[in-house]
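Encoded as C-alpha cells, the structure appears first; notes follow it.
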Amino acid sequence: MSTDMIRLNGTVRARTPDDTWTAVAPHLPRYGITRVADLTGLDHLGLPVWTAIRPNGHTLAASQGKGATDRLAAISAVMEAIELWHAEQPLTVDQHGTARDIGLPYPLLKLPVRVPHADLERLPLEWTSGTGLTTGRPTLIPTSLISRAPRTMWTPDPMRATSTGLACGNTRDEALLHAMYEVIERDVLFTDETRDGALRRLVDPATVDDPYARTLIDRLQDQHVLLELALLESQYGVPVCLAYLWSEAYPAWFAGSGCHADPGIALARAITEAAQSRLTCIAGTRDDLVSRDEVFDTSPPSPQPAKAFNPWRHVAYGPGAEGAFADQAQDIATRIQTVSGHEPIAVALSGTDEPIAAVKVIAPGAGSRTRRAIPR
C-alpha cells in the first residue's frame, strides 16, 4: 500500500484519525459547528455514531457520522457538516449564458434537472469552472447544481442539486476518491431500483471473512439484530453493498449502502450506515427526517428474511485499494467516463488556508436516486 495511505478499520485515509482531528478541531467555529456529540449510547447496538451541530445551517443543522471508533465517527460527522457548509457558500460565477452559447462538452440534459426539456439549452444560467478528471481540461458547470447559498432574488432553478459527489478529505485526491465512490454508489442504486432489485446478490452473513465486517456482523447478531446483506453487480467493476437491520427493540427496517474498491470496506460502510440511520431516527435531531414513532403503535411484525443466500467469496469482487490516492482517483474517473460516456468534473470548494479539501464531483450521465428510502 502507498505511503500516503493509512489503512484503518472500514476506511483508508491520508492521515491518522488523531492527526485529522488535531488539524480540523480548531477550525470548527469557522464552519458554524458549535457542538460535536456522541449518540452511540442512545441505542444498544454499540456501533459508534456521532453528530455535528450547525445551528445556522441553511440546509441541515445536524450531520451524522459513523466509524470504527469514537474518534473516526466524530471526524465523519464533522466532515459531513463541513461539506454542507461549503455547499451553502456562494460560488464564483465565471460565465453567464446558455448551454448552447458556451459550447458544453456534454449535453445539459445529462445533468440532474428537475424537468427534462430541450429548451433548457436556451435558458441563461450562471456557470462556474471545474476540472475534467481524466483530461484536466477546464469545464463549466451550472452553479445552481452545486451551491445551496440563499438567493437574494428569484431566478429560474432547473437543476436538481443533491449531495451526490460532495465530499471532504485530508487531501484533494482523498476527497475526489470519496466523492466518486458516492457517484458510483448512487448511480448503481438508481439502476437497481429501476430494475426492481435485479442487480442484488444476497450474501450469507455467516460467510463474510473480512475481519472488520466480521466484527460488525458478530456484534449485531449478539444484539439479536436481523441482518440482511447484498452486493450489487456494477458496470463500474467497483463493489456497491447494501445492508438492512431489524430488531424488536426498534421494529423497522433500516438500510445502509457503501461503495469502495475494497469489497470488505464497501460492506462495512453499508452496515455502519444502516446503524447510523437507525440511531439518527432514535436521536430525532436531523432536520429532514420524519418521525418513525408509528412503528411502536402495533405489535412488532415478524419479518420474513430472504433465503437465497450466496457465499461472500462467490460474489465479492473489486480492484482493491492499492496505489496512491491520485492513481486510484484516476482509475475511478476513467471507469466513470467509460460507463457514463462523459468525463466526470470536479469543482474545488475549499481554499488553500483550510485544514481539509472539499470538492463536488459532477458526472454527466450518471443517475441518482430521488427517494431517501432504499426499497428492500
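Percent of accessible area on the stretch 132-284 owned by carbon and sulfur, 1.4 Å probe? Let's see the in-between values first.
Numbers: 2700 of 5410 Å².
Whole-percent figure for carbon plus sulfur exposure: 50.
So what's the angle, to the nearest 10 degrees on a 0 to 90 scale, between helix 70-87 and the longest Cα principal axis of the chain?
Roughly 30 degrees between the two axes.
List the aspartates and glutamates whose Cα lies under 16 Å from the Cα of Lys307, skipping any in the same chain that are fewer than 8 positions away.
Cross-link targets: Asp204, Glu228.
Once the dipole of the stretch 130-240 is set up with Lys and Arg at +1 and Asp and Glu at -1 on Cβ about the Cα centre, which of Leu176, Pro211, Pro138 lies farthest towards its positive end?
The Cα lying farthest towards the positive end belongs to Pro138.
When N counts the residues of the chain, how does its alpha-carbon radius of gyration compare numerically with 2.2 N^0.38 Å, as a ratio?
Values: Rg = 20.4 Å, N = 376, 2.2 N^0.38 = 20.9 Å.
Normalised Cα radius of gyration, the chain: 0.97.
Taking the Cα centre as origin and putting +1 on Lys and Arg beta-carbons and -1 on Asp and Glu beta-carbons, what dipole magnitude results for the chain, to the nearest 20 debye? Don't jump to the answer; show the numbers that get you there.
Numbers: 35 positive and 44 negative charges, 95 e Å.
Using Cβ point charges on Lys, Arg, Asp and Glu, the chain gives about 460 debye.
Give the ranking of Arg219, Arg372, Arg186 by solvent-accessible surface, highest area first, calculated with a 1.4 Å probe. List each step's numbers first, then the result.
Numbers: Arg219 95, Arg372 140, Arg186 65 Å².
Output order, biggest surface exposure first: Arg372, Arg219, Arg186.
Can you give me the orientation-averaged projected area of the convex hull built on the Cα atoms of the stretch 180-290, in nm²?
Numbers: hull surface 29.8 nm².
Quarter of the Cα hull surface area: 7.5 nm².
Among the lysines, which fall within straight-line cross-link reach of Lys66, defined as a Cα-Cα distance under 22 Å, with same-chain neighbours fewer than 8 residues apart omitted?
Lys360
Find how many whole Å separate the alpha carbon centroid of the stretch 152-188 from the alpha carbon centroid of the stretch 262-278.
If you average the Cα positions of each part, the centres end up 20 Å apart.
Taking only protein heavy atoms and a 1.4 Å probe, what accessible area per residue, in Å², does the chain have with all protein chains in place? Write out the running numbers ahead of the final one.
Details: 16680 Å² over 376 residues.
On a per-residue basis, the chain sits at 44 Å².
What is the pair-distance distribution P(r) of the stretch 132-224, computed from all Cα-Cα distances in 5 Å bins starting at 0, with each bin given as a whole percent?
Pairs per bin, as whole percents: 2, 9, 11, 13, 16, 17, 13, 7, 6, 4, 2, 0.
The values are calculated or read from the model by the stated rules, or taken from the named source; none is laboratory data. Given the structure is predicted, the values throughout are model-derived calculations rather than measurements. Using ideal geometry, Cβ is built from the backbone for each residue, glycine included, and neighbour counts are taken over all protein chains shown. Quick note on the areas: whole protein, heavy atoms, side chains included, nothing else; ligands and nucleic acids left out. Shrake-Rupley method; radii C 1.70, N 1.55, O 1.52, S 1.80 Å.
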